[in-house]
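**Student:** Next up is a structure, given as structure tokens.
No lab work stands behind these numbers, since they all come straight from the coordinates. All figures in this text were calculated on a predicted structure; none of them were measured in a lab. Positions of Cβ are generated from backbone atoms using ideal geometry, with glycine treated the same way; all protein chains shown enter the neighbour counts.
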Amino acid sequence: MNLYRIEEQLVKHEGEKLTAYFCPAGKLTIGCGRNLEGKGISREESRFMLQNDIRECVDDLQGHIFPGQFDDFPENIQHVLTDMRFQLGHVGFRRFKKMIVAFQRLNLEEAVKQMKDSRWYHQVPARAGNLIKMVEGFI
């Protein structure tokens, strides 16, 4: 069987949507008819998507938020910033203006202060506390 031809046939019949939608049967679906409620995704698919999302976050941090600087941060600081960028998204992360400036100036005490002085800190205290400890390890 020609896998390319059946793939094209299924794309034609199913359509292809890159965001979640409800199919005619009312099931949460994505892509070319992938029933997320019934089938879900495999661990490999989950990790593939995660790796793509991590690359997107790192590209944003390297190219837009900390250009020429991100790669010089200690690995744990890179992980903290990537974790926050992943969780908060493109727009949400940029709302941490004072924290971003503090990291740009390598003022880690101020960065921690700004991390604690946020709604995020109270919404996800365990995660925030872990990330703050990672930064405090360099103070």
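**Student:** Which lysines does LYS116 reach when only Cα atoms under 17 Å apart count, and residues fewer than 8 places away in its own chain are ignored?
**Tutor:** The reachable lysines, counting only those whose Cα sits under 17 Å from LYS116, are LYS97, LYS98, LYS133.
**Student:** So, one more: Seen from all sides and averaged, what is the projected area of the convex hull of the Cα atoms in region 44-83, in nm²?
**Tutor:** Working: hull surface 10.9 nm².
Result: a mean projected hull area of 2.7 nm².
**Student:** In a solvent-free Debye calculation with one equal scatterer on each Cα, what is log10 I(q)/I(0) for the chain at q = 0.09, 0.13 Å⁻¹, listed in the order of the q values?
**Tutor:** For the requested q values the scattering log ratios are -0.42, -0.70.
**Student:** Rounded to the nearest 0.05, what FRET efficiency is calculated for ASN35 and HIS64 with R0 set to 35 Å and r the Cβ-Cβ distance? Let's see the in-between values first.
**Tutor:** Details: r = 36 Å, r/R0 = 1.04.
That gives a FRET efficiency of 0.45.
**Student:** Here's another thing I want to ask about it. Nearest 500 deg cm²/dmol is fine: what mean residue ellipticity at 222 nm does the chain get from its DSSP H runs of n ≥ 4 alone, each adding -39,500 (n - 2.57), divided by its residue count?
**Tutor:** Details: 7 runs with 84 residues, N = 139.
About -19000 deg cm²/dmol.
**Student:** Given Cα pairs under 8 Å that are at least 6 residues apart, what percent is the relative contact order of the chain?
**Tutor:** Working: 100 pairs, mean separation 17.6, N = 139.
Rounded, it is 13 percent for the chain.
**Student:** Once fully extended, how much extra length lies between GLU8 and ARG119, figured as 0.36 nm per residue of separation less the alpha-carbon to alpha-carbon distance?
**Tutor:** Working: separation 111, 0.36 × 111 = 39.96 nm, distance 4.67 nm.
Extending this stretch completely gives an extra 35.3 nm.
**Student:** Of the peptides 19-28, 57-66, how do they stack up when ordered by the mean number of other Cβ atoms within 10 Å, highest first? Walk me through the intermediate numbers first.
**Tutor:** Numbers: 19-28: 10.7, 57-66: 16.7.
Taking the mean over residues of other Cβ atoms within 10 Å, the ranking is 57-66, 19-28.
**Student:** With a 10 Å radius around each residue's Cβ, average the other Cβ atoms per peptide and rank 73-79, 117-123, highest first. Let's see the in-between values first.
**Tutor:** On the way: 73-79: 14.6, 117-123: 13.0.
In decreasing order of mean packing, 73-79, 117-123 become 73-79, 117-123.
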